Amino acid sequence: MQTKDKISFIFLFFSAISSYFLGLAYYDSTRGLDFNRYIRNVKFLQGENVDIYDGQGTIYYYILSKFLDSLGDYGNYIGNISVNNSIQFFNFILFIIGLLGLYFLMIENIKDKSSVLVALSILCFFPPAFYFRLTMKPEAMAFAIMPWCIYLSYKYISEKKLYITVTLALLMATLLSLKGSITGMVILCFLNLFWNEIKKITEHFTLISATLLLSIFSLLLNFQITSWWLFKLPVNPTIELKDKWNNVAPIDFFINLDITNVLYNPYKHIHSDSLISITLLDTLSDYFTFFWNHKETTNYIAYNRIQFSNNFLIQAFLPQYISIIFSIIFYIFAFVLLFKKIEESKIIIFPCFGIFILSLNALGIPGKNFDPETGDLFKVHYYSFLLAISFFVLIIYLLNNFEKINLRILLLIPIFLLSMGFPKSFDSDINLNLINKLSHSELCFLIELNPNIECKNL
């Protein structure tokens, strides 16, 4: 390994670990997105007498339940440090698996290994990749599996070895049976990537039939365990909530954009009539206030951003403005590269397939699931795993085609941290709470050299 590669690997290691501890200290996953709903799935799979919320992500919640089993009787899970740490540690493992998949996917076609490692380092702080690590939902597992499926698909096309066929079929079946929306997104992504090969049905009959049979078996097994079909929407407990999502999005929703309103009022639900506005504001800046703006006790990530500007708009809305600028640049790059028929564009446009599947759902396909008062069906979180993969490939493309960019691209890391509300200023009490959360981490030994930290999980 060359010196440059060694330095890049060390940087990646510290990026991954530091981003993990950052989320662990500043965010409480037990107060996060839909936690109260999906903890029911975990408890159901642990054998408790509770009603399951839905039949999605069963394999994800089952493995997570085994992580939580090791805690014994953890009592009230809300605000429980050990529960929060277990969720984030499990998601971090999945994230590392996904990073390894991306590494193997790109390394065979890239001469400069360091560029791959640098791109992975930046990805560690990429907000969409960061918040699926904070959330107890199966998008984290989708990120872990999908790069390997893409990598093995290329290997299968070139080698067609039996072990590759079997492994790919198993992983694809798992990926396709994680969650209804993920199924649709993944199918479109793979059709886009491998359409010319998929058309050769007879040549790939073994792989295609094995994947279909294993997927059906997985769906049937999932139903046997949960009594829920994967694509069945959860039953809302009240008529009010049922009616809340029992709507179809108007066509104007997909084309509306009031840029002045976006810039001056980037607040939650004000832009519920605009897919474009939601996408611009939610990609990096947490429009729906589930992450960096989730102002609940112990979610320190939402508080105490340092005052560094006297300009109200910049001080108050800098994360939103960063998100707007990033989103515009990203999608311009995606479509320009697509227009130029650059091979990497087939992966870079992955998020568009995510938005397309959500749009079909908003139009009532396969069922009504749109709330016109919030537009929350279009949370970027739902296709965050696709956005993370496409962003990584874009960084690789830029590093290998524009020499002047070089290490300047690392400036994206502080920009992403700014979009998440860092740096912060805390008092001594909060700092002690942060240290306490870190001391319970499964990876606490990596930072125990700090005299203020005494590991409690050893």
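Each reported figure results from applying straightforward, stated rules to the coordinates on display, with no laboratory input. Since the model is a prediction, treat every value here as computed from it, not as a measurement. Note: ideal-geometry Cβ built from the backbone for every residue, glycine included; neighbour counts use all protein chains shown.
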* Asked: Over the range 290-413, what lengths in whole Å, largest first, do the semi-axes of the equivalent ellipsoid take, defined as the square roots of 5 times the eigenvalues of the alpha-carbon gyration tensor?
  -> 28, 26, 12
* Volume per residue, Å³, of the convex hull around the alpha-carbon atoms of the range 243-310? -> 112 Å³
* As computed over the range 101-144, the Cα convex hull volume per residue (Å³) -> 58 Å³
* Name every cysteine in the chain that ends up alone, with no second cysteine's Cβ under 4.7 Å, or say none. => 124, 149, 189, 352
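Based on other C-beta atoms within 10 Å, arrange 26, 300, 267 from fewest to most.
Fewest-to-most ranking of 26, 300, 267: 267, 300, 26.
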* **Theoretical FRET efficiency, 1/(1+(r/R0)^6), r = Cβ-Cβ of residue 409 and residue 63, R0 35 Å, to 0.05** => 0.50
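Kirkwood hydrodynamic radius (Cα pairs, Å) of the range 124-205?
Details: mean 1/r = 0.0724 Å⁻¹.
Its Kirkwood hydrodynamic radius stands at 13.8 Å.
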* So if we plug the beta-carbon distance of residue 9 and residue 456 into 1/(1 + (r/R0)^6) with R0 = 25 Å, what FRET efficiency do we get, rounded to 0.05? -> 0.25
* Which of 305, 40, 408 comes first, and how do the rest follow, when ranked by fewest Cβ neighbours within 10 Å? -> 408, 40, 305
* Starting at 0 and stepping by 5 Å, how many percent of the alpha carbon pairs of the range 315-360 end up in each bin? -> 5, 20, 20, 20, 18, 10, 6, 2, 0
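If you rank 245, 292, 229 by fewest surrounding Cβ atoms within 10 Å, what's the result?
Working: 245 18, 292 24, 229 14.
With the fewest neighbours first, 245, 292, 229 line up as 229, 245, 292.
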* To do: Starting from the eigenvalues of the Cα gyration tensor, five times each then square-rooted, give me the equivalent ellipsoid semi-axes of the range 1-151, largest first, whole Å.
  => 32, 16, 11
* Structure fact -> Straight-line reach check, residue 404, cutoff 18 Å on alpha carbons, 8 or more apart in-chain or any other chain, hits among aspartates and glutamates -> 112
* Structure fact -> In nm, the gap between the two label points placed 7 Å beyond Cα toward Cβ at residue 166 and residue 424 is 4.8 nm
* Can you pull a Stokes-Einstein diffusion coefficient for the range 361-423 at 37 °C (0.692 mPa s), Rh from Kirkwood over Cα pairs, as a whole number of µm²/s? => 222 µm²/s
* Percent of C-alpha pairs per 20 Å bin, the chain, short to long -> 23, 60, 17, 0
* **Simple label model, 7 Å out from Cα along Cβ direction - residue 109 to residue 417, nm** => 3.3 nm
* Violating pairs (Cα-Cα greater than 31 angstrom) within the set 113/161; 295/346; 160/346; 161/346; 368/437; 4/66 -> 295/346; 368/437; 4/66
* Would you mind checking the range 166-183 for residues with the amide N under 13 Å from a putative spin-label position 7 Å along Cα→C-beta of residue 206? => 166-169
* Mind pulling up the Rg/Rh value for the range 68-179? Radius of gyration and Kirkwood radius, both on Cα. => 1.06
